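Heads up: the structure comes next, in structure tokens.
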Amino acid sequence: MNWHKVLSLVLWITPHVLLGVLVVVLCKRRLYREFPVFFAYVLYEIAQFILLFVLYSIPGTGKQYAYAYCATLLLSIALRFGVIDEVSKDLFRESQLLKVSARRSLQCVTGLLLVVGVLLAVYAPGDNSGRWIAGVSVVNRGAAMVQCGLLLALLLFSRFLGLSWRRSTFGIALGLGILTSVDLAMFALRTAFASWVAVEFFNLLITGAYLVCVSIWIGYVLALELKPASLTVVPHDEVETWNTELQRLLKD
Amino acid sequence: MISTTMIAAWTLVAVAFFALVILLYVALRSRARRFDLEKADLEKAVQAFRSLDIEAFRNLVDSAEEAFLRDNLSPKKFREIKRQRAWAALIYAWEAGGAATALAKIGQAAQRSSDPKIAASGVQLTENAFRLRLQTIGACFHLLTEVVLPDLRSPSLPPLVDQYERAAETLFRLGRFSSGRHGLISR
């Protein structure tokens, strides 16, 4: 066994072992109630790994492995969209207005990014001559672009609107953001450089990024939620005055 | 010759790198700064309210004034003046937006108060501040269009800018309310 294969296996197995740790932490802190889609995603990733690893270990199952990889990848992409939706719901939890208007803006961003993704798939499909992996790369490239764009849009919204993130939500978004941006770069390069050497190298980088992403999730989920400062001595009248004045403005 | 796929690939790599840098920047910044209300936020809001001069802003976006300038100035001079006026109004809108953001943070902190009355008021305050912020973002886009395309005719003020005018007026009033006090926050 050469060093490259050892490194590939270590980078493939380690993040999934850590995902097991993440499941335990999510259960202990009862965070699966707050983030059910993220919890389902983590469980799914572990199940996907077990299936693919078994197929990888059995000789002569290359074709089955390829089909399983494609099918599970599509579901994984769908679940990631669900996680982003969950993150955005949590971010806009404190405002009824944002639940409607900011989410509508996010839908517009999604639509725009989807159009760009489809245009890229049509006009820059890459080298897909008889190689299924190239086709998968194009799909994954488009999905990574949309997801990365959505997470950046969420960060921008929170910055412009003065929204406060909860630590665990921010950690989930950050980890997913790093993962999707590395995915975007690697799958974009995969469509252009489809040789096996290149694909193996890109795989190493993707699994490495996944390890970083899972570590971030564990770190943020383990960290205690900061107790936010609250206004304790503000007279009620003061806040009420501000409200009345703003409402007078908005009613006109 | 470089293929479309190659151009697309390297463009996306650049985009991904840019996204990664932003994410890491935000993560490092959030480590340095606690996710809570800072006194500076409130001071920033109050200062922004005080700096808003609604009469000056109204003058800058007044369509009658614009029509007068269009009739009495050469097209070249008009474009120059219009750009300057739109830019000044844009700065006003930007400042008001910053104040609204700070106000939203104050509102969010008030929501966490143990006093149910303050918490309920915080909810309202946050909603109104977010609404105000969204309006100022729209106003900024509108004014930016005027900076880029000064010849674009806008016979009457669009509702967006009208709303901004009202927003700025309220913020100005709020600024005056706060000016005599020693700050609203204590921990």
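P(r) of the range B:49-140 in 5 Å steps, Cα pairs, percent per bin?
For the range B:49-140, the binned pair fractions read 3, 14, 17, 16, 13, 11, 9, 6, 5, 3, 2, 1, 0 percent.
For residue B:119 and residue A:122, FRET efficiency with R0 = 60 Å and r from the beta-carbon atoms, rounded to 0.05?
Given R0 = 60 Å and the Cβ-Cβ separation, E is 0.70.
Using 1/(1 + (r/R0)^6) with R0 = 30 angstrom and r between the beta carbons of residue A:54 and residue A:3, what's the FRET efficiency to the nearest 0.05?
So the FRET efficiency works out to roughly 0.75.
Quick one: work out Rg over Rh on the C-alpha atoms of the range A:67-218, Rh as Kirkwood radius.
A ratio of 1.00.
Could you derive backbone 3J(HN,Hα) for the range B:134-149 from the dihedral phi with the Karplus parameters 6.51, -1.76 and 1.60 (θ = phi - 60°), listing whole Hz in sequence and x where the residue is Gly or Pro?
Coupling constants for the range B:134-149: 4, 5, 5, 4, x, 4, 4, 4, 4, 5, 5, 4, 5, 5, 6, 10 Hz.
Which of the trypsin sites (Lys or Arg not before Pro) found in the range A:35-116 are in a DSSP loop and have at most 15 neighbouring Cβ atoms, other than their own, within 10 Å?
Sites meeting the loop and neighbour criteria: A:93.
When N counts the residues of the range A:26-144, how does its alpha-carbon radius of gyration compare numerically with 2.2 N^0.38 Å, as a ratio?
With N residues counted in the range A:26-144, Rg over 2.2 N^0.38 Å equals 1.33.
Modelled label-to-label distance, residue B:65 and residue A:200, 7 Å Cα→beta-carbon offset: nm?
Calculated label separation equals 7.0 nm.
Want the number for residue B:17 to residue B:73: 0.36 nm per residue separation, take away the alpha-carbon distance, what's left?
15.3 nm
Could you list the trypsin sites (Lys or Arg not before Pro) in the range A:7-40 that lie in coil according to DSSP, counting only those with at most 14 other Cβ atoms within 10 Å of their Cβ?
Those that pass, being in a loop and sparsely packed, are A:30, A:33.
What is the spin-label model distance, in nm, from residue A:66 to residue B:144 if the labels are put 7 Å beyond Cα along the C-beta direction?
The answer from the label model is 4.7 nm.
Protein chains only, probe 1.4 Å: how do A:7, A:75, A:18, A:52 rank by accessible area, largest first? Can you show the working numbers first?
Values: A:7 70, A:75 90, A:18 50, A:52 10 Å².
The most accessible residue leads, giving A:75, A:7, A:18, A:52.
Once phi is turned into θ = phi - 60°, what whole-Hz ³J(HN,Hα) does the Karplus curve with 6.51, -1.76 and 1.60 give for every residue of the range A:63-73, x standing for Gly and Pro?
Residue by residue, the range A:63-73 yields 5, 4, 4, 4, 5, 4, 4, 4, 5, 6, 5 Hz.
The values are calculated or read from the model by the stated rules, or taken from the named source; none is laboratory data. Everything numeric here is computed off the predicted structure, so don't read it as measured data. Don't worry about glycine lacking a Cβ; one is built from the backbone with ideal geometry, like all the others, and counts go over all protein chains shown. All accessible areas refer to the heavy atoms of the entire protein, side chains included, with ligands and DNA or RNA removed. Shrake-Rupley method; radii C 1.70, N 1.55, O 1.52, S 1.80 Å.
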